[in-house]
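A.B. asks: I'd like to ask some things about the structure below.
The values are calculated or read from the model by the stated rules, or taken from the named source; none is laboratory data. Predicted model only: the values in this text are computed from it and were never measured. As a convention, Cβ positions derive from the backbone with ideal geometry for all residues, glycine included, and neighbour counts pool all protein chains shown.
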Amino acid sequence: MTTQANPFPGGIHPAYRKDLTSGCESRPMPVPKILVIPLSQHLGAPAKVLVKKGDAVKAGQLIAEPAGFISAAVHASSSGKVTAIGPVELPSGQKGEAVTIETDGAHEWARMEPISDPLAADPKVLVERVKAAGIVGLGGATFPSHVKLTPPADSPVDWVLLNGAECEPYLTADHRVMVERPDRIAQGVKLVRHIMGVSKVSVGIEGNKPDAIEAMRKALGDAGEVVELPVKYPQGSEKQLIHALTGRRVPPKKLPSSVGVTVFNVATVAAIADAVIDGTPLVERVVTVTGSGVNQPGNFRVPVGARVLDLMEFAGGYREDAAQLILGGPMMGRAAATDDVPVVKGVGGVLVLSADELKNLDYGVCVRCGRCLRACPNTQNPMLLGQLIEKGLFSRIDEEKLRELVLDDCFECGSCTFVCPSRRPLVQFFQMAKGYYRSQQKRKG
Amino acid sequence: MEPRSFTVSYAPHVHDGSSTRRIMWSVFGALVPAAAVAVYAFGLDALRVMLLSTILCVAMEGVALLIMRRDPAACLDGSAALTGFLLGLTLPAGLSNGIIVVGAFVAVIVAKQVFGGLGHNPFNPALTSRVFLLIAFPKQLTTWPVPRGLEDIKEYMGLAVTRTTDAVTSATPLAAIKEHAQRAMPNIQLNDLFFGVHTPGSIGEISALALLLGAAFLLYRRIITWHVPVATLATVAVLGGLTHLANPAKYADPVFHLFAGGLFIGAFFMATDYVTAPVWPLGKIIYGVGIGLLTMVIRLWGGYPEGISFAILLMNAATPLLDRYTVPTPFGSRKPDKAAPGQAGGES
């Protein structure tokens, strides 16, 4: 029996352009001369640095430990010498502390001890391992995985979901992981089931990846059900995916565990298996390099901390008319001002657009066409909110309900902005308003 | 490799290519069949009214933008042209140039720019202007030239006709029904209402076929949704049917009500105006029902033979209210449809 996915309201159909790289097997990128490893590659407190300038480090060595429960460990991705510790530009656009390592080319490993017979081990030991391996959500949100594996006692989890939707156009990194390492994902699924004491596992994969669906069905067997999802953006958004696979709706401002669900990206589950079975921490991830601005689109296994410019050099370089560098996908990715930024755990794609693909940033007034309302996967009102924010009428949005429903629950998928015929920068308006509220709350204490 | 700089912008970095300009001109294009039928039926006089109205609206918008120190080139965004075109389509062929100038002024300046221009006008500018002209110049606005295709106008509906200096005029089918009730019916051919080449009326309202072609295009291109026109037409049909059943001698049948007058141009092209119509599906349906209801109340029992213009303007006034009270439940806010553990309801 195959389960039908529950549809979500709204959504859009951008040009997916996945065929540029979906057939490209992931190739390992050689360790570059310089690695820039930020201390904050995850949601939560930045990790606390454990090394100092001049220290020799090995691949897989812990260089920063989690600073609190919601934080994640950071490891050296290769062996070499720490040459600097200080602020660098991060893919997020902000400055952040990073450890710079000059690699020695030997790539000498310092792995953790593999856990033998992990399915008989105490789940607590396994969670500790996941935490020690610095594993965070690889879908882009980079939420520390050990936190997800230990849901609060008052909201027990009975259903684990794997996100293989990969609804962002262009990106095929998760697709490749599912095709190339399905057995590793299946091992990870068994570990997660054991850790969380959950028997129900569903994997959601968009229908445009039939080879991944087949590979995952074969590898998982009885360990979990693979559900083919309709191809619609943002199918891979957490709340939309939960509804698609379980029929449960996560209320605004609530976490998935409030409806008994936890979601992991497929690549994250593979990383959990790597950490437990091989003792390898999260020091590498698959990155899709694609777009009309690159010479050879492809998928690469990139050491965490490798700079984009080194990756691009290995990947075949830019085309002449390369104009925009996007870290992530075209819908939610961030345009970087320079390629002198490191690939971090949350970066699944490097998209280079050519000059003629640059978006016209002129925008007009809202004509109330309602396209954004029909595109919003949360059935919210981007148009009204955008107008209020544009006019600076923050006080009007202060009404608790509107704020809760509209601002706090908007995950900035960009569907409204994608369809707006007046090209209004709605997502940017929302980010602006969110920043305003955050600063207000800070002021209030 | 040396570090390189790149252009930055905000996400999303792709767009579906739609534009307000293209939408406006698409609606404009969807009205061309109706305009073509009008020119065939009424001759170059219809063309004069439509062209003058369109050009004047665009020009006045440009001047208004200039005065307000905005970009005057924005007058070419299609919205002023569409307003002018729609206004022209709601007027009788043969209307004098002076009245068209007044109409364009009321549409673009009074009904639109005074309220803040594109996107801010509470009432449909073309209809506001049409209703203003109807009240200010009642005689001129109800002097309907008879389409040239008719040889013997006296035979047409068996009604008295008046000869003006240069054109021959007659009553519209709705006016004939208003005045003579069902006695006028035998003279009204559904065929004529459908093809429009023999029916007196506003320039753009005469051919149901041409309007339906345009409407199909707009629906196909998803420029308009079905909610407003379907709700409007269904309400008119139901009310027309009920009154006809109650008193067939007095009230015309629903098919006549659907095809006569400005119902199609109103329901598909005026009531669907983005700026002045509600945005949520439920609000659109209530709005459409209201338009149908008010149209029929005016047609059947009011002082005017046709009520669609008034009906749309009245419902325009209800739009902010409808927008406020028809907001659908945001995704996830509903109580979970399958209960999860830890919540009342038990196992899923």
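A.B. asks: Determine whether residue A:351 is crowded, with 18+ Cβ neighbours inside 10 Å and in contact (Cβ under 8 Å) with a residue 60 or more places away in the chain. Let's see the steps before the verdict.
C.D. replies: Numbers: crowded, with 18+ Cβ neighbours inside 10 Å: yes; in contact (Cβ under 8 Å) with a residue 60 or more places away in the chain: yes.
Yes.
A.B. asks: If you don't mind, another one. Of the conditions (1) of a type outside the set (Gly, Ala, Ser); (2) under 19 Å from the mean Cα position of the chain (by Cα); (3) buried (at least 24 other Cβ atoms within 10 Å of the Cβ), residue A:131 fails just one. Which one is it?
C.D. replies: Failed condition: (3).
A.B. asks: Let me ask something else. Out of (1) surrounded by fewer than 16 Cβ atoms within 10 Å (Cβ to Cβ); (2) within 12 Å of residue B:117 (Cβ to Cβ), the odd one out for residue B:80 is which?
C.D. replies: Residue B:80 satisfies every listed condition except (1).
A.B. asks: If only one of B:86, B:127, B:118 is assigned to a loop (DSSP other than H, G, I, E, B), in contact (Cβ under 8 Å) with a residue 24 or more places away in the chain and surrounded by 20 or more Cβ atoms within 10 Å (Cβ to Cβ), which one is it?
C.D. replies: Numbers: B:86 fails: assigned to a loop (DSSP other than H, G, I, E, B); B:127 fails: assigned to a loop (DSSP other than H, G, I, E, B).
Selected residue: B:118, the only one of B:86, B:127, B:118 that is assigned to a loop (DSSP other than H, G, I, E, B), in contact (Cβ under 8 Å) with a residue 24 or more places away in the chain and surrounded by 20 or more Cβ atoms within 10 Å (Cβ to Cβ).
For (1) closer than 27 Å to residue A:150 by Cβ; (2) touching a residue at least 40 places away in the same chain (Cβ under 8 Å); (3) touching a Leu at 6+ places or on another chain (Cβ under 6 Å), each residue gets a yes or a no:
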residue: A:13; (1), (2), (3): no, yes, no
residue: A:17; (1), (2), (3): no, yes, no
residue: A:20; (1), (2), (3): no, yes, no
residue: A:30; (1), (2), (3): no, yes, no
residue: A:41; (1), (2), (3): yes, yes, no
residue: A:52; (1), (2), (3): no, no, no
residue: A:70; (1), (2), (3): yes, yes, no
residue: A:81; (1), (2), (3): no, no, no
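A.B. asks: Related question: What single numbered condition from (1) under 30 Å from residue B:13 (Cα atoms); (2) modelled with pLDDT of 95 or more fails to hold for residue A:159?
C.D. replies: (1)
A.B. asks: For residue A:255, only one of the following conditions fails: (1) among the hydrophobic types (A, V, I, L, M, F, W, C); (2) within 13 Å of chain B (Cβ to nearest Cβ); (3) over 19 Å from the mean Cα position of the chain (by Cα). What is its number?
C.D. replies: Evaluating residue A:255 over (1) among the hydrophobic types (A, V, I, L, M, F, W, C); (2) within 13 Å of chain B (Cβ to nearest Cβ); (3) over 19 Å from the mean Cα position of the chain (by Cα) leaves (3) as the failure.
Yes/no matrix, rows are residues, columns are (1) within 30 Å of residue B:12 (Cβ to Cβ); (2) touching a Leu at 6+ places or on another chain (Cβ under 8 Å):
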| residue | (1), (2) |
| --- | --- |
| A:187 | no, no |
| A:197 | no, no |
| A:202 | yes, yes |
| A:211 | yes, no |
| A:232 | yes, no |
| A:238 | yes, no |
| A:248 | yes, no |
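A.B. asks: Taking the residues in segment B:298-311 that are part of a helix (DSSP H, G or I) and within 15 Å of the chain's Cα centre (by Cα) as candidates, determine which candidate is surrounded by the most Cβ atoms within 10 Å (Cβ to Cβ).
C.D. replies: Residues of segment B:298-311 that are part of a helix (DSSP H, G or I), as a first pass: B:298-301, B:308-311.
Within this subset, residues satisfying the condition of being within 15 Å of the chain's Cα centre (by Cα) are B:308-311.
Numbers: B:308: 30, B:309: 24, B:310: 19, B:311: 28.
Ranking the qualifying residues of segment B:298-311, first place goes to B:308.
A.B. asks: Within segment A:207-225, track down each residue that is touching a residue at least 40 places away in the same chain (Cβ under 8 Å) and either of a type in the set (A, V, I, L, M, F, W, C) or surrounded by 24 or more Cβ atoms within 10 Å (Cβ to Cβ) (or both). Even if it seems obvious, please write down each step before you answer.
C.D. replies: Filtering segment A:207-225 down to residues touching a residue at least 40 places away in the same chain (Cβ under 8 Å) leaves A:208-209, A:212, A:216, A:224-225.
Across segment A:207-225, the qualifying residues are A:209, A:212, A:216, A:224.
For every residue, the table says whether it meets (1) out of contact with any Phe, Trp or Tyr (no Cβ under 7 Å at 6 or more places or on another chain); (2) modelled with pLDDT of 95 or more; (3) crowded, with 20+ Cβ neighbours inside 10 Å.
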site: B:230; (1), (2), (3): yes, yes, no
site: B:247; (1), (2), (3): yes, no, no
site: B:257; (1), (2), (3): yes, no, yes
site: B:262; (1), (2), (3): yes, no, yes
site: B:266; (1), (2), (3): yes, yes, yes
site: B:274; (1), (2), (3): yes, yes, yes
site: B:296; (1), (2), (3): yes, yes, yes
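A.B. asks: Moving on. Within segment A:329-350, count every residue that is more than 8 Å from chain B (Cβ to nearest Cβ) and within 19 Å of residue B:13 (Cβ to Cβ). Give the derivation first.
C.D. replies: So in segment A:329-350, the residues more than 8 Å from chain B (Cβ to nearest Cβ) come out as A:329, A:341-350.
Then keep just the ones that are within 19 Å of residue B:13 (Cβ to Cβ); that gives A:329, A:341, A:343, A:346-350.
Number of matching residues: 8.
A.B. asks: What number of residues in segment B:1-55 are within 14 Å of chain A (Cβ to nearest Cβ) and assigned to a helix (DSSP H, G or I)? Before you say what the answer is, go through the steps one by one.
C.D. replies: Quick first cut of segment B:1-55, residues within 14 Å of chain A (Cβ to nearest Cβ) only: B:1-27.
If we keep only those that are assigned to a helix (DSSP H, G or I) too, we end up with B:20-27.
Number of matching residues: 8.
Per-residue answers, yes or no, for (1) within 14 Å of chain B (Cβ to nearest Cβ); (2) surrounded by fewer than 24 Cβ atoms within 10 Å (Cβ to Cβ); (3) not in a helix (DSSP H, G or I):
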| residue | (1), (2), (3) |
| --- | --- |
| A:270 | no, no, no |
| A:280 | no, yes, yes |
| A:296 | no, yes, yes |
| A:301 | no, yes, yes |
| A:314 | yes, yes, no |
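A.B. asks: May I pose another question? Which ones in segment B:195-210 are over 17 Å from residue B:309 (Cα atoms), at pLDDT 90 or above and not in a helix (DSSP H, G or I)?
C.D. replies: B:207
A.B. asks: Now for a separate question. So in segment A:386-412, with the set limited to residues that are in contact with a Phe, Trp or Tyr (Cβ under 7 Å, 6 or more places away or on another chain) and modelled with pLDDT of 70 or more, which one is farthest from the other protein chains (Cβ to nearest Cβ)?
C.D. replies: My answer is A:389.
The rows are residues; the columns are (1) under 30 Å from residue A:89 (Cβ atoms); (2) surrounded by 19 or more Cβ atoms within 10 Å (Cβ to Cβ).
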site	(1), (2)
B:3	yes, no
B:20	no, yes
B:41	no, yes
B:69	no, no
B:102	no, no
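A.B. asks: Hey, which of the strands (runs of 3 or more DSSP E) in segment A:156-233, taking only ones fully inside, have at least 2 residues that are closer than 13 Å to residue A:265 by Cα?
C.D. replies: Numbers: elements: A:159-164, A:200-206, A:225-229.
Strands (runs of 3 or more DSSP E) meeting the threshold: A:159-164, A:200-206.
A.B. asks: Quick test of your reading of the structure: residue A:319 fulfils all but one of (1) without any contact (Cβ under 8 Å) to a residue 40 or more places away in the chain; (2) touching a strand residue (DSSP E or B) at 6+ places or on another chain (Cβ under 6 Å). Name the failing condition by number.
C.D. replies: For residue A:319, the failing item is (2).
A.B. asks: What do you reckon, is residue A:28 out of contact with any Pro (no Cβ under 7 Å at 6 or more places or on another chain) and crowded, with 21+ Cβ neighbours inside 10 Å?
C.D. replies: Working: out of contact with any Pro (no Cβ under 7 Å at 6 or more places or on another chain): yes; crowded, with 21+ Cβ neighbours inside 10 Å: no.
Answer is no for this residue.
A.B. asks: Right, next: Is it the case that residue A:250 is more than 25 Å from residue A:122 (Cα to Cα) and in a loop (DSSP other than H, G, I, E, B)? Write out each step before concluding.
C.D. replies: Values: more than 25 Å from residue A:122 (Cα to Cα): yes; in a loop (DSSP other than H, G, I, E, B): yes.
Judged against the criteria, residue A:250 is a match.
Matching residues to (1) part of a loop (DSSP other than H, G, I, E, B); (2) among the basic types (Lys, Arg); (3) outside the structural domain of residue B:41 (by TED's automatic domain parsing); (4) at pLDDT below 65:
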{"site": "B:151", "(1), (2), (3), (4)": "yes, no, yes, yes"}
{"site": "B:157", "(1), (2), (3), (4)": "no, no, yes, yes"}
{"site": "B:176", "(1), (2), (3), (4)": "no, no, yes, no"}
{"site": "B:179", "(1), (2), (3), (4)": "no, no, yes, no"}
{"site": "B:185", "(1), (2), (3), (4)": "no, no, yes, no"}
{"site": "B:212", "(1), (2), (3), (4)": "no, no, yes, no"}
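A.B. asks: Taking segment B:1-51 only, how many residues are among the hydroxyl-bearing types (Ser, Thr, Tyr) and over 30 Å from residue A:309 (Cα atoms)? I'd like the intermediate steps shown before the answer.
C.D. replies: Quick first cut of segment B:1-51, residues among the hydroxyl-bearing types (Ser, Thr, Tyr) only: B:5, B:7, B:9-10, B:18-20, B:26, B:40.
Right, trim to over 30 Å from residue A:309 (Cα atoms) and you get B:18-20, B:26, B:40.
Here the count works out to 5.
A.B. asks: Kindly indicate the residue of segment A:362-383 that is part of a helix (DSSP H, G or I) and buried (at least 21 other Cβ atoms within 10 Å of the Cβ) and also farthest from the other protein chains (Cβ to nearest Cβ) among those meeting that condition. So that I can check it myself, show each step before the final result.
C.D. replies: If we filter segment A:362-383 for residues that are part of a helix (DSSP H, G or I), which is where we start, we get A:371-375, A:382-383.
Going one step further and asking which of them are buried (at least 21 other Cβ atoms within 10 Å of the Cβ), we end up with A:371-373, A:375, A:382-383.
Working: A:371: 7, A:372: 9, A:373: 6, A:375: 9, A:382: 11, A:383: 7 Å.
My answer is A:382.
A.B. asks: Which of (1) closer than 30 Å to residue B:332 by Cα; (2) of a type in the set (S, T, N, Q); (3) crowded, with 22+ Cβ neighbours inside 10 Å is the odd one out, the single condition residue A:92 does not satisfy?
C.D. replies: Residue A:92 satisfies all of (1) closer than 30 Å to residue B:332 by Cα; (2) of a type in the set (S, T, N, Q); (3) crowded, with 22+ Cβ neighbours inside 10 Å except (3).
A.B. asks: Looking only at segment A:194-229, how many residues end up being under 20 Å from residue A:170 (Cβ atoms) and touching a helix residue (DSSP H, G or I) at 6+ places or on another chain (Cβ under 8 Å)?
C.D. replies: Qualifying residue count, segment A:194-229: 8.
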